[in-house]
Amino acid sequence: MWGRHHDDVVGVIDVGSNTVRLVVARGRREVLSQKEMLRLGAEVERHGRISDGKLTQTALVVGRLAREARAAGVVALEILITSPGRQAENGEELVRRLAEAGDCHARVLTGVEEGELAFAGAVEAADPPARRRIAVIDVGGGSAQVVVGTRRDGPTWSRSIDIGSQRLTNRFFDCDPPGDAAMEQAAEEVDRYLAEFDPPLVRMAYAVGGSARAVRQLAGAQLDDCALGDVIELVTSTPSSELADRHGVDPERARTIAAGAVILAALQERLATPLKVVRAGLREGALIELGARRAAA
């Protein structure tokens, strides 16, 4: 799938812990992009499952997005479900309801698959030197993925960490702003999840996903230990409404940005290289894969 291109109009509906997103593209050109913030991961974290009401709401959103994708001319459409499908007790019911609503194939991605698609999307957008070993980090709402490899050979090492910005927010950030004690507890929790995290040495690293994009608005495009430390200091004592008003952070993303910053800082420290934020990730990688499958059929 690395580097293969196509001219078909294809679409992906990405059902994550925070958002449901539709992206439709022809080759490298985006045709349509829409999102809804549904926070499925918050229900999974609190109750272990997705309520009937939230299932119905999600199915309605997916059905609408599927209709809009077909109106945009898609010849292939797929629904990809990330951590809510893996973590919810009723994940199979979520898959069934969304496949019916979208009238297309729906599947739950494993953590490794999620990370490798993010790697593909980031590599396509950033175009690093072919042999250079890079890492791609994708901090989602329910989990975080780290994949190491090269543009020439693809992924060679991957890990999925079962903690994300939404889950960490629900566990520790009852107050807004969170304050020092909650931030310290959150950092300790992330450290526990990373106790056996031992990635290979890399020469550069990319960060993708909503948490990375939100943190970039506070720190700039390159996230090193100093920049991330400054962000953590800021979000510890700044209400999310002020982050939105003064710094342009999406209000729906502002409430989980502190947790995202904690996770990104912990991963950046262990990779020992600055993170460069790249806009393309999971969905773009999925579009590459979908187009490649059609080209090979």
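Before moving on, here are some points about what is shown:
- Restricting the first member to the stretch 168-193 and to residues that are in a helix (DSSP H, G or I), and the second to residues that are among the small types (Gly, Ala, Ser), the beta-carbon pairs closer than 6 Å and six or more apart or on different chains are 168/186; 168/259; 169/259; 170/42; 172/182; 172/186; 190/266.
- Residue within the stretch 131-139 that is acidic (Asp, Glu), assigned to a strand (DSSP E or B) and at negative phi present: yes
- Positions within the stretch 237-257 being open to solvent by less than 10 Å² (accessible area, probe 1.4 Å) and in a helix (DSSP H, G or I), in sequence order: 243, 254, 257
- Strands (runs of 3 or more DSSP E) within the stretch 6-53 that include 3 or more residues of a type outside the set (A, V, I, L, M, F, W, C) and farther than 25 Å from residue 111 by Cβ: 29-37
- Condition check for residue 183: of a type outside the set (S, T, N, Q) and either farther than 22 Å from residue 279 by Cβ or under 18 Å from the mean Cα position of the chain (by Cα) (or both): yes
- Residue within the stretch 268-287 that is of a type in the set (Ser, Thr, Tyr), touching a residue at least 24 places away in the same chain (Cβ under 8 Å) and over 30 Å from residue 79 (Cα atoms) present: yes
- For the stretch 258-297, the candidate set comprises residues that are among the charged types (D, E, K, R) and in a helix (DSSP H, G or I); within that set, the residue that is most open to solvent (accessible area, probe 1.4 Å) is 269.
- Residue count for the stretch 140-161, restricted to those that are modelled with pLDDT under 95 and either open to solvent by 40 Å² or more (accessible area, probe 1.4 Å) or among the aliphatic types (A, V, I, L, M) (or both): 0
- Note on the stretch 46-62: among residues that are surrounded by fewer than 16 Cβ atoms within 10 Å (Cβ to Cβ) and of a type in the set (Ser, Thr, Tyr), the one that is farthest from residue 21 (Cα to Cα) is 51.
- Number of residues in the stretch 63-92 that are more than 29 Å from residue 154 (Cβ to Cβ), open to solvent by 10 Å² or more (accessible area, probe 1.4 Å), in contact (Cβ under 8 Å) with a residue 40 or more places away in the chain and assigned to a helix (DSSP H, G or I): the value is 1.
- Reported count of residues in the stretch 49-70, each being touching an Asp or Glu at 6+ places or on another chain (Cβ under 6 Å) and among the aliphatic types (A, V, I, L, M), is 2.
- Restricting attention to the stretch 100-109 and to residues that are open to solvent by 30 Å² or more (accessible area, probe 1.4 Å) and of a type outside the set (Val, Ile, Thr), the residue that is nearest to residue 35 (Cα to Cα) turns out to be 101.
- Scanning the stretch 198-218 for residues that are open to solvent by less than 30 Å² (accessible area, probe 1.4 Å) and within 19 Å of the chain's Cα centre (by Cα) yields a total of 10.
- Any hit, the stretch 77-99, residues being out of contact with any helix residue (DSSP H, G or I) (no Cβ under 7 Å at 6 or more places or on another chain), at pLDDT 95 or above and at positive phi: no
- Scanning the stretch 29-45 for residues that are surrounded by 15 or more Cβ atoms within 10 Å (Cβ to Cβ), charged (D, E, K, R) and either touching a strand residue (DSSP E or B) at 6+ places or on another chain (Cβ under 8 Å) or touching a residue at least 60 places away in the same chain (Cβ under 8 Å) (or both) turns up 35, 36, 39, 45.
- Among the residues of the stretch 59-75, those identified as closer than 14 Å to residue 105 by Cβ and under 22 Å from the mean Cα position of the chain (by Cα) are 62, 66, 69.
- Every residue from the stretch 194-216 that is outside any helix (DSSP H, G or I) and out of contact with any strand residue (DSSP E or B) (no Cβ under 8 Å at 6 or more places or on another chain): 195, 196, 198, 201
The values are calculated or read from the model by the stated rules, or taken from the named source; none is laboratory data. All of these numbers come straight from a predicted model, not from anything done at the bench. Using ideal geometry, Cβ is built from the backbone for each residue, glycine included, and neighbour counts are taken over all protein chains shown. Quick note on the areas: whole protein, heavy atoms, side chains included, nothing else; ligands and nucleic acids left out. Shrake-Rupley method; radii C 1.70, N 1.55, O 1.52, S 1.80 Å.
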